[in-house]
Amino acid sequence: MSVEYDNIFILRYMGNKNRLLNFVVPAIEEVTGEGDTVCDPMAGTHCICYALKNRNKIIANDIQQYSYIIGRALIENNTETISKDEAEEELTGFYLKNQKENRFRFFYENYTDTYFAKEQCLAIDSIRYAIDMVGDKYKQALYLCALMHAMCKVQSTPGHFAQFMPKEHQRILPLRAMDVWEEFLNKCDDFRKIVNNGMENKVYRTDYKELLSNMDDSVSCYYIDPPYSGEQYSRFYHVLETVVKYDNPKLKHKALYRNDRFKSGFCYKRSVESEFELIMKEVSERQSSLVISYSEKGTLPLEKLKKLSSRYFKHVDFRQNSHTHSTLGKGSNNIKEILLILN
Ligand SMILES: C[S@@+](CC[C@H](N)C(=O)[O-])C[C@H]1O[C@@H](n2cnc3c(N)ncnc32)[C@H](O)[C@@H]1O
């Protein structure tokens, strides 16, 4: 039976579980009771946490700042909302001021005619300036989510920021003609309602190893969805990291990457097994359940993952789902998504 879980779409994100809620969420529900605490140490777009929020207390984390901002908006925040009308009223004056005075101009100066057109860069800088003027941190986070959504909609790329389209690409003209301010305002209406579970949900931005070493025993279930290929998220989404941090980073390479990118151990054959082992050891010692999402074609071969699981857990339940998996620009592959439910 298909259930309509709470869901607010923000980003087309590599490996996100937005379209797999009905596969993943019931598995977590099976090993937890209502009101129990669920921890997602690599939460990405936070869609699994948000789907569970009306039932569980959530502790979420990711190494990337843009992910932290999504978590702050959707998970930690129980009370604040925004709308298109409110955004127009609250932000238009500051937006126009920056259009005129160019106080914030990092995107204009660095990304013109790369990922965005000149006018789009100016609009991004000006919306970002206007958001800086908002007092409440949860409203700021909601507005930043709407801005990230608008940027992803107009980006001249194959669907991520590892590279931009060449000038002569046939799709570039319609993409460059899109209005960032209009896309931003329209998206604000998706945040008129946010699930309020009345609990003190917590969101962090750190390496999952640090998070795990600081957790007490109150977590009933850990859900992990680590990177499963050699592609680093910090390379694919560096522009989102920069728009939320707005910290004037040094950029390098033709694709204008930040020079402080995090490299995840899950992306390398030499370290992926020890990363999984560390999590299994920590979670089994706390006697919590562990639900793992992975791909049948992941960096760690499935047989090794299963063997490792039975070393640390008594019960190993294995499920798989045929999922048309987007490879963001390289076409679509029918790759099986797998779930391991361990306790
Ligand atoms: C497959 S994505 C998660 C997708 C998420 N479940 C969703 O539905 O949007 C993997 C995430 O792991 C994060 N990550 C990778 N290594 C990490 C680490 N060592 N500590 C914390 N987060 C990490 C990445 O930033 C990325 O957001």
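The values are calculated or read from the model by the stated rules, or taken from the named source; none is laboratory data. A quick note: this is a predicted structure, and the numbers were derived from the prediction, not measured. Glycine also receives a Cβ, built like all others from the backbone with ideal geometry; neighbour counts cover every protein chain displayed.
Tabulated data
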{"read-out": "Neighbours by Cβ (under 7 Å, 6+ apart or cross-chain): first from segment 61-84, under 20 Å from Pro226 (Cα atoms) and within 16 Å of the ligand (Cβ to nearest atom); second part of a helix (DSSP H, G or I) and among the β-branched types (Val, Ile, Thr)", "value": "Gln65/Val244; Tyr66/Val244; Ile69/Val244"}
{"read-out": "Residue satisfying condition, being more than 11 Å from the ligand (Cβ to nearest atom), charged (D, E, K, R) and free of Cβ contacts under 8 Å to residues at least 12 places away in the same chain, within set Lys307, Lys245, Lys297", "value": "Lys307"}
{"read-out": "Selection within segment 259-293 - at pLDDT 95 or above, away from the ligand (no atom under 14 Å from the Cβ) and in contact with a Lys or Arg (Cβ under 8 Å, 6 or more places away or on another chain)", "value": "Glu273, Met280"}
{"read-out": "Residue check, Tyr268 farther than 14 Å from Pro226 by Cβ and of a type in the set (Phe, Trp, Tyr)", "value": "no"}
{"read-out": "Selection count, segment 50-60, where residues are near the ligand (Cβ under 10 Å from one of its atoms) and free of Cβ contacts under 8 Å to residues at least 60 places away in the same chain", "value": "1"}
{"read-out": "All positions within segment 1-34 that are touching a residue at least 40 places away in the same chain (Cβ under 8 Å) and either basic (Lys, Arg) or away from the ligand (no atom under 16 Å from the Cβ) (or both)", "value": "Arg12, Lys17, Arg19, Glu30, Val31, Thr32, Gly33"}
{"read-out": "Given (1) within 16 Å of the ligand (Cβ to nearest atom); (2) part of a strand (DSSP E or B), number of the condition Ser220 does not satisfy", "value": "(1)"}
{"read-out": "Any hit, segment 76-90, residues being at pLDDT 95 or above, buried (at least 22 other Cβ atoms within 10 Å of the Cβ) and closer than 30 Å to Ser289 by Cα", "value": "yes"}
{"read-out": "In segment 155-191, the residues that are surrounded by fewer than 17 Cβ atoms within 10 Å (Cβ to Cβ), without any contact (Cβ under 8 Å) to a residue 60 or more places away in the chain and under 28 Å from Asp6 (Cα atoms)", "value": "Glu182"}
{"read-out": "Those residues of segment 223-250 which are part of a loop (DSSP other than H, G, I, E, B) and farther than 20 Å from Gly15 by Cβ, in sequence order", "value": "Tyr246, Asp247, Asn248, Pro249, Lys250"}
{"read-out": "Among (1) out of contact with any strand residue (DSSP E or B) (no Cβ under 7 Å at 6 or more places or on another chain); (2) within 16 Å of the ligand (Cβ to nearest atom) - the single one Pro166 does not satisfy", "value": "(2)"}
